[in-house]
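The values are calculated or read from the model by the stated rules, or taken from the named source; none is laboratory data. What you see is a predicted model, and the numbers here were worked out from it, not measured in a lab. Ideal geometry is used to build each Cβ from the backbone, glycine not excepted, and the neighbour counts take in all protein chains shown.
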Amino acid sequence: MEIDAYLRKYRAGGYEVERVERSVCAACGGTQFRLWVDDEAGYAARRCEACEDEFVMLDSADQEDEQDGDEAGCPCGGETFEIAVGYALRGDGEVRWVSVGMRCLADGACGVYTDWKIDYGPTGHLFGRA
């Protein structure tokens, strides 16, 4: 399954995902990453496998001091992923909920490793931070 379709089916928080953005390394254009998440803190950060550039995703920088992130891994043992973010929106176009989805490059399995509610506005700065 494609990661975009998986995120739309997942429906984080029970809300329809209206927008999906795939992660692309700003430094080299790479699309293969390792991921660190803390589901309790609402934190996700990725590191590009090609150039090792690190990027704190979405609004996770706000949680960086409080997070206790663990590296994500697939049940198959794979640790390299294609990553995308699903955005559930409010009626006014502001972000309601975000989901960080991954597709394992070893076995192709998809999953959501963390998601969290966005309870502030405006939220336009979250787009483009996948």
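Does Phe127 satisfy the criteria of being among the hydrophobic types (A, V, I, L, M, F, W, C), exposed (fewer than 15 other Cβ atoms within 10 Å of the Cβ), touching a Phe, Trp or Tyr at 6+ places or on another chain (Cβ under 9 Å) and farther than 15 Å from Tyr15 by Cβ? Answer is yes for this residue.
Specify the residue that is surrounded by the fewest Cβ atoms within 10 Å (Cβ to Cβ); the eligible residues are those in the stretch 100-124 that are in a loop (DSSP other than H, G, I, E, B) and either among the hydroxyl-bearing types (Ser, Thr, Tyr) or at positive phi (or both). Among those residues, the one meeting the criterion is Tyr120.
Of all the criteria given as (1) within 15 Å of Asp115 (Cα to Cα); (2) in contact (Cβ under 8 Å) with a residue 24 or more places away in the chain; (3) hydroxyl-bearing (Ser, Thr, Tyr), the one not satisfied by Ser60 is (2). Among the residues here, Arg46 qualifies as modelled with pLDDT of 95 or more, of a type in the set (Lys, Arg) and closer than 11 Å to Val100 by Cβ.
Criterion first (within 27 Å of Glu94 (Cβ to Cβ) and of a type outside the set (S, T, N, Q)) does Ala50 satisfy it?
no
Is it true that Gly77 is of a type outside the set (A, V, I, L, M, F, W, C) and either at negative phi or within 14 Å of the chain's Cα centre (by Cα) (or both)? When the stated conditions are applied, Gly77 does not pass them. For the stretch 20-42, a residue qualifies if it is surrounded by fewer than 17 Cβ atoms within 10 Å (Cβ to Cβ) and of a type in the set (Lys, Arg), and exactly one does: Arg22. Could you please find all residues in the stretch 81-92 being surrounded by 18 or more Cβ atoms within 10 Å (Cβ to Cβ) and in a loop (DSSP other than H, G, I, E, B)? If the condition is that a residue be surrounded by 18 or more Cβ atoms within 10 Å (Cβ to Cβ) and in a loop (DSSP other than H, G, I, E, B), then no residue fits. Scanning the stretch 17-48 for residues that are under 18 Å from Cys110 (Cβ atoms), touching a strand residue (DSSP E or B) at 6+ places or on another chain (Cβ under 6 Å) and not β-branched (Val, Ile, Thr) yields Arg19, Glu21, Arg22, Ser23, Phe33, Arg34, Leu35, Asp39, Ala44, Arg46.
Among residues belonging to the stretch 55-69 that are within 27 Å of Ala106 (Cβ to Cβ) and more than 14 Å from the chain's Cα centre (by Cα), point out the one that is surrounded by the most Cβ atoms within 10 Å (Cβ to Cβ).
In this case the residue turns out to be Gln67.
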